[in-house]
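Bear in mind these aren't lab numbers, they're just calculated from the coordinates by the rules spelled out. Owing to the predicted nature of the structure, the values given are computational and were not obtained by experimental measurement. Note: ideal-geometry Cβ built from the backbone for every residue, glycine included; neighbour counts use all protein chains shown.
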Amino acid sequence: MSLKKNTQKSQGFTDAEQAAMKERAKELKAEARANKDKAQGERDVLAKIAEMPEPDRTIAMRLHEIVKANAPVLSPKTWYGMPAYARDGKVVCFFQSADKFQTRYASFGFNDTANLDDGAMWPTAFALKELTAAEEEKIAALVKKAVSED
């Protein structure tokens with residue numbers, strides 16, 4: 001039996017994906033410190049938001065305010081270089097700017113730790129082009145449900 005060497009070249013990760021992974025490695029180191037200090041996690045999130053171009057910056061800041069007001073049990077932290085909100089060290093919800101990955105819209109998503117189950121299928125991420133009162137109300141309700149105990 002002969003073994004042939006795989007001559008196909010791997011596509012690998014994009015520059016944006018590599019940067020996100022490097023950012024995540026830094027975050028893991030900072031996470032232990034941030035878990036001990038919620039205020040440091042919030043400073044890190046606010047610093048990342050401040051670096052964002054418009055309209056991502058405005059959307060991210062408003063989402064930060066909504067999450068803080070509706071789920072004070074969550075701790076702000078950065079996750080892959082983006083604002084995220086965790087409970088017991090596990091990310092529940094997060095923001096992804098359109099600019100970071102050159103997409104046409106930003107998104108707000110939830111991980112499996114969020115209590116959003118609704119039958120056999122439910123949405124876990126939402127595209128955001130802007131935030132109006134209607135979207136803010138929906139997001140507030142989702143965030144509340146995500147951290148509920150039922």
**Request:** Please find, in a Gaussian network model of the chain (springs between Cα atoms separated by less than 10 Å), the residue of 99, 118, 88 whose mean-square fluctuation is greatest.
**Result:** 118
**Asked** Using the Cβ atoms and a cut-off under 13 Å, what net charge is assigned to the surroundings of residue 122, where Lys and Arg are +1 and Asp and Glu are -1?
**Response** -2
**Request:** With only Lys, Arg, Asp and Glu charged, each at its Cβ (+1 for the first two, -1 for the last two), find how big the charge dipole of the chain is about the Cα centre; round to the nearest 20 debye.
**Result:** 740 debye
**Request:** Let me know the longest stretch in the chain that avoids all trypsin sites (Lys or Arg not before Pro) found in a DSSP loop with at most 10 other C-beta atoms within 10 Å.
**Result:** 10-103
**Request:** Kindly provide the helix-only [θ] at 222 nm of the chain, computed as the sum of -39,500 (n - 2.57) over DSSP H runs of four or more divided by all residues, to the nearest 500 deg cm²/dmol?
**Result:** -14500 deg cm²/dmol
**Prompt:** Which listed residue (45, 14, 124) has the Cα farthest towards the positive end of the charge dipole for the chain, taking +1 on Lys and Arg C-beta and -1 on Asp and Glu C-beta about the Cα centre?
**Reply:** 14
**Fill in**
Computed over the chain: longest principal axis from alpha-carbon atoms vs helix 133-146 long axis, angle to nearest 10 degrees, is 70 degrees
**Message:** Can you tell me how segment 63-136 classifies by the Cα gyration tensor, rounded, prolate or oblate, using a/c under 1.5 as the rounded cut?
**Reply:** rounded
**Asked** On the first, second and third principal axes, largest extent first, how far apart are the outermost C-alpha atoms of the chain in Å?
**Response** 63, 37, 32
